[in-house]
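Below is one structure, written out as structure tokens; the observations come after it.
The values are calculated or read from the model by the stated rules, or taken from the named source; none is laboratory data. Bear in mind that the values here come from a model prediction, so they are computed numbers and not experimental data. Cβ sites come from the backbone with ideal geometry, for glycine too, and all protein chains shown count toward neighbours. Areas reflect the complete protein model, heavy atoms only, side chains present, ligands, DNA and RNA absent. Shrake-Rupley method; radii C 1.70, N 1.55, O 1.52, S 1.80 Å.
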Amino acid sequence: ITERDGFHFHYGRFVQFPSREYLFASQDPVGNAGILGNPNLEPETTISYEFGVRRQLSDRLYVDATVFFKDIFGLVGTEPLEAENETEDNPFSSTSYVNKDYGSVRGFELSLDKKFANYWQGGVSYTLSRATGSSSDVNQGAVVQAEGLDREPIREVPLNWDRTHVVNAHVNFADPGIWGVAVDFNVGSGVPVTPRRLGQRTTRAEDINTIRLPRSMSLNFRGNKQYSLYGQEFRLFLEGRNVLDRKNVATHRPYIWPTPDHEYYREYYTEFGELGGAYNLADTIGATEDLLAARNHARVYSEPRVFRVGVQYEW
């Protein structure tokens, strides 16, 4: 241990009360799609801890390595209500919110940072993590009850927000009070999704989050120049978002209204393994059998390349 090293450790225990929606949802199974609120829900508990070491490589250059863990208990889920002395499943029973789900996150982060000097500063970080749990959907039990899922998983599965690899980088160039340019770049693994085939009514528990969307990538920048006019200061700025014009997937099943009449147009992850939905050539050329062709859908993807220019004035 030298004057250039520092160790850090954190332990936290956090309590979060459930959403009021789950506490006070309608007690009428007809008016609330069969899911009843539960005012007796317990708070969700998260135990988070991490430890790492920070090393000063030079007067302005630092490297940090951190290992982190997070355990989450008492997450809200759903399960059918059973009457006393009932000996067999009742397919018409109502469903209620209960504390039943759990999750865990663990990972490692390595970062390198440079303090501002000689008109610039920057940093880069890499995160390797894994987020798994019993369910990503609070309504999973209700889906099982409605036969949209054959059963609940018997093991932890990747959660919807799990990203295995994430890299973030930023660099800022500036002459404070005169001009500045900031650039940031990030790339990450695709999140997991559950494959669905056209016409499929019931999903198998073994298929939950077994494939992943394409990785996301984004490059953004913002530059500004400061001026003075009649004793007032203002800035001219130029901003660019998604400069690489990357087609980053926002969701593989976007909300559409009105709902399309045919199931082919409601599927956004096609049997071809491509995002964007599909149309059936049997509908357009009178083919005698189903012949699907992939198509792109703007709702699937996030914002394309955008540039903005403007004037910023503060008072």
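Heavy atoms only, probe 1.4 angstrom, no DNA, RNA or ligands counted: give me Ser302, Ser189 ranked by accessible area, highest first.
Ser302, Ser189
When nucleic acids and ligands are ignored and a 1.4 Å probe is applied, Lys114 ends up with an accessible area of around 40 Å². Rounded to the nearest 10 square angstrom, Leu81 shows an accessible area of 80 square angstrom against a 1.4 Å probe.
Measuring nothing but protein heavy atoms, the accessible surface of segment 129-196 at 1.4 Å probe radius is 59 percent carbon and sulfur.
Could you state the accessible area per residue of segment 124-216 in Å², with a 1.4 Å probe and every protein chain left in place?
Details: 4790 Å² over 93 residues.
Solvent-accessible surface per residue comes out at 52 Å².
Given a Förster distance of 25 Å, report the FRET efficiency between Thr251 and Arg222 from their Cβ-Cβ distance, rounded to the nearest 0.05.
Working: r = 27 Å, r/R0 = 1.07.
Calculated transfer efficiency: 0.40.
Across q = 0.13, 0.14, 0.17, 0.18 Å⁻¹, segment 97-252 modelled as identical point scatterers on its alpha-carbon atoms has Debye log10 I(q)/I(0) values of -0.78, -0.84, -1.04, -1.10, in the order of the q list. Spin-label model, Tyr230/Arg204: points 7 Å from Cα along the beta carbon direction are separated by 7.4 nm.
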